[in-house]
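Take a look at the structure set out below.
Please treat every number below as a calculation from the coordinates, not as lab data. Everything quoted here is computed from the prediction, not taken from an experiment. No Cβ is skipped: glycine too gets one built from the backbone with ideal geometry, and neighbour counts run over all protein chains shown.
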Amino acid sequence: MVNGDLPRRLESEESLYLAVQCHCLGRPQEFHYTDHKEDWVIHVIMHLQDLHLAVIVLLLCVNSLHCAILSAASSYEFTAYRMQQYNLEKKIHGCRGAIIVAEARSADEPALTRRCVIMRVVDFTTKSYTEAQRQNAAAILILLPKNMSSILPEEIQSFMMSERQALMKETLVPVYVAPEDEQLLYMYEEVKKAASARTSSIFVRVFRSMVTATAFQILVSNNSPIKAITDTTLVTLEGVLPGAGEDIPTIVITAHYDSHGLAPWLSYGADSNGSGVVILLELARLFQILYSSPRTRPRYHLMFSLTGGGKYNFQGTKKWIEENLDHAESSLLHDNVAFVLCLDTLANGDELYMHVSRPPKSDTPMYAFIQHLDKVVSSRFPWMKTEVVHKKINLVGSTVSWEHERYSLRRIPGFTLSHLEDPKSELRGSILDTVSQVDFRKMKRNGIIIAEALARYMYQLSDKGSPKDVQLFKGRLDFHDSRISSLMSFLTSVPRATQLMDKEPAHILLINSLEHEFKQNLQQVHRHIFRQDRRDPDITFFDQMRQQIVMYRVKPAAFDLFLGGCIMAYLGIVYFAIQNFDYVYTKLKAAVKPKHH
């Protein structure tokens with residue numbers, strides 16, 4: 001080739017490249033054509049190079065598209081919380097499995113055997129949970145939203161009912177709960193898409209499986225065996241406001257402070273029973289002001305107690321009563337007890353139920369207090385409903401439903417105040433029982449009703465002709481909104497499951513803070529620590545309640561076959577073009593020449 005042909009060759013190469021580029025873009029354009037064969041050799045070689053580059057770019061684009069959908073990391077580690085596992089009164093409850101090595105699948109999938117079923121709160125129903133167990137699913141992972149207010153009330157109710165049903169029985173299927181985040185929500189959406197794609201045609205399903213589908217492997221990194229915990233201690237706090245005089249009756253006000261739910265590390269118990277604790281602490285503060293002056297000190301001892309183990313057959317209350325009656329030489333419970341007032345779940349509803357083991361007689365202090373309570377409600381809150389609910393204690397059974405039943409078994413009169421009528425209500429133990437579900441206005445109202453009724457009884461205001469709508473607790477004696485909110489925020493700052501209260505520093509600090517609150521307002525404050533018999537414990541808990549789980553993003557095996565097929569097809573095209581160069585040259589020349597003319 002002479003030097004004078006170089007500009008024309010470059011022009012031809014440029015034209016051919018432009019033609020190929022425009023053809024790919026769907027815009028054929030005019031270009032110059034040369035008939036020199038050696039130029040065409042270069043053109044064809046360049047064309048093959050462009051084809052090679054185009055295939056590489058195509059594969060890179062496919063890979064880039066896949067990488068754009070997924071995050072940069074091929075694996076993601078997150079913390080999940082295992083379902084309750086405990087033995088109570090020789091009965092096994094909750095989840096007995098912890099290890100997961102399985103592929104993630106949606107609850108909508110028809111086949112769940114040896115798969116990890118991914119659910120959100122709206123997906124977790126008794127039906128879906130039972131179906132996963134029936135198909136021998138490898139595990140169940142429930143995603144918990146960070147903002148509980150985004151869940152509809154009917155969805156919360158459905159979840160709580162399913163949660164209670166799940167906790168009543170044991171299961172070998174590992175069940176975990178994890179707070180939602182972007183990665184877990186992406187996994188959930190992908191498995192949902194995969195489930196919906198299975199209703200498409202066979203061609204669409206195969207193509208999606210080969211090209212776009214993404215599989216997720218769920219793995220629990222800890223493979224150590226589950227160990228029993230029998231050294232759990234229960235703490236009960238006790239404080240007194242001494243009344244005026246000697247040999248006077250005692251009124252006991254008590255509430256349990258622990259919480260319960262599907263997963264211990266997510267059980268915050270705002271309504272059950274954070275509300276009872278908040279009202280008790282406010283009653284202690286307000287009556288301390290009345291007891292601080294000899295002129296307003298009534299002829300009743302007020303005894304306050306916060307008990308542990310309330311969600312497990314009220315074991316803390318049982319131990320505390322035994323210590324006061326059987327082991328202590330002197331105790332207010334030995335003396336004349338007017339009644340025991342138990343506070344349980346009081347942060348919602350327009351109903352106030354008084355649960356009793358036997359109907360009170362008309363000449364008893366408990367009957368008089370209930371009458372005062374009815375008068376306060378009818379005069380100040382007429383839209384509310386009050387009712388006495390009588391439930392006999394099942395002496396054959398080993399469990400009790402309400403805290404007052406522990407006192408009734410020792411012939412101490414008592415009753416429980418709650419906005420719940422059914423002791424088996426799902427509201428008494430749920431991981432969805434958070435601050436967002438608390439009605440602070442109604443909780444304050446219930447506290448005012450209890451305080452007013454208690455003061456009217458102790459000061460015998462009805463006998464002195466006081467007006468029905470008299471209001472004692474106002475001004476300095478009012479329930480402070482800011483204090484109620486602060487106490488509730490403090491109580492729900494950490495999960496209060498029984499098995500955590502004596503193990504974690506934050507939970508120990510919570511008990512210390514409650515004791516400090518008692519010491520500020522009460523006298524004779526004591527902390528009672530009850531240790532279980534390790535050989536025959538009443539409650540047996542188990543470890544591995546909080547686990548690190550790894551989620552791997554993987555492509556299905558069909559994708560490797562698809563990618564291998566693409567590479568083989570590309571190599572076949574290149575091989576065919578090289579072996580049949582004259583044929584390719586003739587076809588290209590015939591295709592380009594008419595456009596030149």
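Can you give the FRET efficiency for Glu131 and Ile248, using 1/(1 + (r/R0)^6), R0 = 45 Å, r = Cβ-Cβ distance, to the nearest 0.05? Walk me through the intermediate numbers first.
Numbers: r = 61 Å, r/R0 = 1.35.
The pair Glu131/Ile248 has a calculated efficiency of 0.15.
Given a Förster radius of 25 Å and the C-beta distance between Phe581 and Leu561 as r, what FRET efficiency does 1/(1 + (r/R0)^6) yield to the nearest 0.05?
Values: r = 31 Å, r/R0 = 1.25.
So, using R0 = 25 Å, E works out to roughly 0.20.
Given the Cα-Cα distance of Lys391 and Leu325 and 0.36 nm per residue of separation, how much length would full extension add, in nm? If you can, show how the numbers build up before the last one.
Details: separation 66, 0.36 × 66 = 23.76 nm, distance 2.48 nm.
Fully extending the segment from Lys391 to Leu325 adds 21.3 nm.
Report the gain in length on full extension from Glu189 to Lys519: 0.36 nm times residue separation, minus Cα-Cα distance, nm rounded to one decimal. Write out the running numbers ahead of the final one.
On the way: separation 330, 0.36 × 330 = 118.80 nm, distance 5.22 nm.
Extending this stretch completely gives an extra 113.6 nm.
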Query raised in the report: Of the beta bridges DSSP finds with both residues in region 232-531, what % are antiparallel, to the nearest 5?
Result: 40
Query raised in the report: Among the lysines, which fall within straight-line cross-link reach of Lys227, defined as a Cα-Cα distance under 28 Å, with same-chain neighbours fewer than 8 residues apart omitted?
Result: Lys90, Lys91, Lys169, Lys311, Lys318, Lys319, Lys503
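Quote the Stokes-Einstein diffusion coefficient, in whole µm² s⁻¹, for region 232-531, based on the Kirkwood radius over alpha carbon pairs, a temperature of 37 °C and a viscosity of 0.692 mPa s.
In µm²/s, the coefficient is 171.
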Query - Cβ-Cβ FRET estimate between Ser196 and Gln217, R0 fixed at 30 Å, reported to 0.05 - result: 0.90
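Of all GluC sites (Glu not before Pro) in region 405-437, which ones are in loop regions per DSSP and have a Cβ with at most 11 other Cβ atoms within 10 Å? Walk me through the numbers before you get to the answer.
Working: sites: Glu405, Glu421, Glu426; in loops: Glu421.
Loop-located and lightly packed - none at all.
Report the extension gain between Lys503 and Ile226 in nm, rounded to one decimal, defined as 0.36 nm multiplied by the number of residues separating them, less their alpha carbon distance. Spell out each step's value before the answer.
Details: separation 277, 0.36 × 277 = 99.72 nm, distance 1.72 nm.
Additional length available on full extension: 98.0 nm.
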Report summary line: Taking a straight Cα-to-Cα line shorter than 27 Å from Lys587, and setting aside same-chain lysines fewer than 8 residues away, one finds Lys37, Lys595
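How about region 109-162: which trypsin sites (Lys or Arg not before Pro) there are in a DSSP loop, with at most 14 other Cβ atoms within 10 Å of their Cβ?
Values: sites: Arg114, Arg115, Arg120, Lys127, Arg134, Lys146; in loops: Arg114, Lys146.
Counting only loop positions with at most 14 other Cβ atoms within 10 Å, the trypsin sites (Lys or Arg not before Pro) in region 109-162 are Arg114, Lys146.
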Query - lysines with Cα under 16 Å of Lys375, excluding same-chain neighbours fewer than 8 positions away - result: Lys385, Lys464, Lys468
Report summary line: Whole-Hz Karplus couplings 3J(HN,Hα) for region 453-458, θ = phi - 60° and coefficients 6.51, -1.76, 1.60, Gly and Pro as x, run 5, 5, 5, 4, 5, 5
Query raised in the report: Which of the GluC sites (Glu not before Pro) found in region 286-373 are loop residues per DSSP with 11 or fewer other Cβ atoms within 10 Å of their Cβ?
Result: Glu329
Query raised in the report: At Gln371 and Glu421, where each label point lies 7 Å from the Cα along Cα→Cβ, what is the point-to-point distance in nanometres?
Result: 2.6
Report summary line: Karplus-derived 3J(HN,Hα) from phi for region 262-271 (6.51 cos²θ - 1.76 cosθ + 1.60, θ = phi - 60°), whole Hz, x at Gly and Pro, runs 4, 10, x, 6, 10, 9, 9, x, 5, 7
Query raised in the report: Okay, which of region 376-390 sit inside 17 Å, backbone N to the point 7 Å along the Cα-Cβ direction of Asp350?
Result: 377-387
Requested in this report: For region 255-390, give the magnitude of the charge dipole about the Cα centre (Cβ charges: +1 Lys/Arg, -1 Asp/Glu; no others), in debye to the nearest 20.
Outcome: 420
